[in-house]
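None of the figures in this text is laboratory data; all of them are computed from the coordinates on show. This is a predicted model, so every value here is computed, not measured. With ideal geometry, Cβ positions are generated from the backbone for all residues, glycine too; neighbour counts draw on all protein chains shown.
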Amino acid sequence: MRLIDFNLSTIDLHPALRLYWEHNGQQAPVVDLKTQHHQLYLIIGTGRPLTLDQLRTRSQQVDQQVSLFVAQNPPQRLYGYRLVPHQILFG
């Protein structure tokens, strides 16, 4: 999924929605972003998850054509997300 596709598909969603990564039935918060090699990496960790508004603000200067990945070894490309109450789950 490209950043522009994500932004367009979430334009009408509430900006306070929290961002999580879901993998093997477990949820982990997206706590930061990093750009590298024309890719935008979602950093998974412990702590307070980013909101949709924070992701938009932090990625304003990033090329909208970048692909979204989860920063892990190896990085995993993101193809979509789903909505649950008060959360956006990438997976």
Legend entry - Rounded to the nearest 20 debye, dipole of the chain from Cβ charges on Lys, Arg, Asp, Glu: 120
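Please figure out what share of the DSSP beta bridges in the chain is antiparallel and state it in percent, rounded to the nearest 5. Walk me through the numbers before you get to the answer.
On the way: 18 of 26 bridges.
Expressed as a percentage, antiparallel bridges in the chain total about 70.
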Inset, instruction - Using only the alpha-carbon atoms of the stretch 2-76, report the extent along each of the three principal axes, biggest first, to the nearest angstrom. - result: 30, 27, 19
Inset, instruction - Give the Rg (one decimal place) followed by the Dmax (whole number) of the stretch 48-91, computed from C-alpha coordinates and expressed in Å. - result: 11.6, 30
Legend entry - Most fluctuating residue given options TYR41, TYR81, TYR20, as computed from a GNM of the chain linking Cα atoms under 10 Å: TYR81
Inset, instruction - Could I have the simple spin-label model distance between HIS86 and ILE4, label points 7 Å from Cα toward Cβ, reported in nm to one decimal? - result: 3.5
Legend entry - the stretch 42-87 and the stretch 1-36: distance between their alpha carbon centers, rounded to Å: 4
Legend entry - Residue of LEU52, LEU13, LEU33 that the Gaussian network model of the chain assigns the largest fluctuation, springs spanning Cα pairs under 10 Å: LEU13
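What percent do you get for the relative contact order of the stretch 7-91 when only Cα pairs under 8 Å and 6+ apart count? If you can, show how the numbers build up before the last one.
Values: 143 pairs, mean separation 26.8, N = 85.
Contact order relative to length: 32 percent.
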Legend entry - For the chain, calculated [θ]222 nm from helices alone, where every DSSP H run of n ≥ 4 adds -39500 (n - 2.57): -4000 deg cm²/dmol
Legend entry - Label point distance in nm, ARG77-LYS34, each placed 7 Å from Cα along Cα→Cβ: 2.1
